[in-house]
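Accompanying notes for the structure given below.
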Amino acid sequence: FALPPVQEGKVALLAQSPYLRLALSPEVMRGQWATRLLEPAQLAAELAANNDADVLCIESNYLQSGDARKLLGRYLANGRGVFLVVNRVTLLTAGYLRELGFEALPPAAGPLAPAKFQYVLGNHPVMHPFTSPEFGNLLDVQVTQPTRLRSPQALPLIFSDTGEPLFFQSSQQPGKLFVSAFGFERDQTTWPLQPSFIPFLDLCLQHARAED
């Protein structure tokens, strides 16, 4: 049997999370993903260059910028993947999330205990490998005060132990959109410290990537 050559994927990263930057660094993802770091001040040049990667990984706080919103929209319209990390919600970003089919609900009143992953859609291609313990236990992941998101069109892939959806896939546009309701920061989740994080990130980017 002969396998076709494997082509390294390309991901454009617009995020400050040190965990995302490390996980997508050449030291970790060489051969799987080549990462190009985007600078907020150079997004206009990125738009003009029209040199899009296979997948855009972006944190929601950058959606304050009109150029960032245009870039995300172009990726989806051209059939490319987007991994959107909702680490911060403002009136402007909430409005753009609504355009993507997501409603940001008000946070629950009062301090909340960290939520844990409880329900995972095990038959989804991204989540199915984690039914085996070889990739780590997703139920060990904790999340602190995630953004409460609702979407009638998107498919929730992960729920917390309180029933809140924490991770979605939306296919309403030509490109695939994955949305995380929490940021990958130390004060928002323990996931980057778990052995399942890098395999999950790799599988998610692979699934978001347009098929040849």
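The values are calculated or read from the model by the stated rules, or taken from the named source; none is laboratory data. Keep in mind it's a predicted model, so treat the numbers as computed, not measured. Cβ atoms come from the backbone with ideal geometry, glycine included; neighbour counts cover every protein chain shown. To get the accessible areas, we keep the full protein, side chains included, count just its heavy atoms, and leave off ligands, DNA and RNA. Shrake-Rupley method; radii C 1.70, N 1.55, O 1.52, S 1.80 Å.
The table below gives the values:
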| read-out | value |
| --- | --- |
| Given the chain, longest segment not containing exposed loop GluC sites (Glu not before Pro) (DSSP; at most 12 other Cβ within 10 Å) | 9-210 |
| Carbon and sulfur %, accessible surface of region 1-127 computed with the full protein complex present, 1.4 Å | 56 percent |
| Beta bridges by DSSP in the chain, antiparallel share as percent, to the nearest 5 | 50 percent |
| Surface per residue (accessible, 1.4 Å probe) for the chain, Å² | 50 Å² |
| Net charge of neighbours whose Cβ lies under 14 Å from the Cβ of L138, counting Lys and Arg as +1 and Asp and Glu as -1 | -2 |
| Qualifying trypsin sites (Lys or Arg not before Pro) in region 129-187, DSSP loop, other Cβ atoms within 10 Å at most 16 | R186 |
| Low-density loop positions, trypsin sites (Lys or Arg not before Pro), region 1-97 - DSSP coil, at most 16 other Cβ in 10 Å | R30, R88 |
| Helix-only [θ]222 nm of the chain, DSSP H runs n ≥ 4, -39500 (n - 2.57) each, per residue, nearest 500 | -6500 deg cm²/dmol |
| Radius of gyration and maximum dimension Dmax of region 70-212, Cα, Å | 14.8, 48 |
| Region 59-212: relative contact order in percent, alpha carbon pairs under 8 Å with at least 6 residues between | 29 percent |
| Amide hydrogen neighbours beyond the local backbone of K10, cut-off 5 Å, H modeled | A34, D54, V55 |
| Prolate/oblate/rounded call for region 99-176, Cα gyration tensor, a/c under 1.5 rounded | oblate |
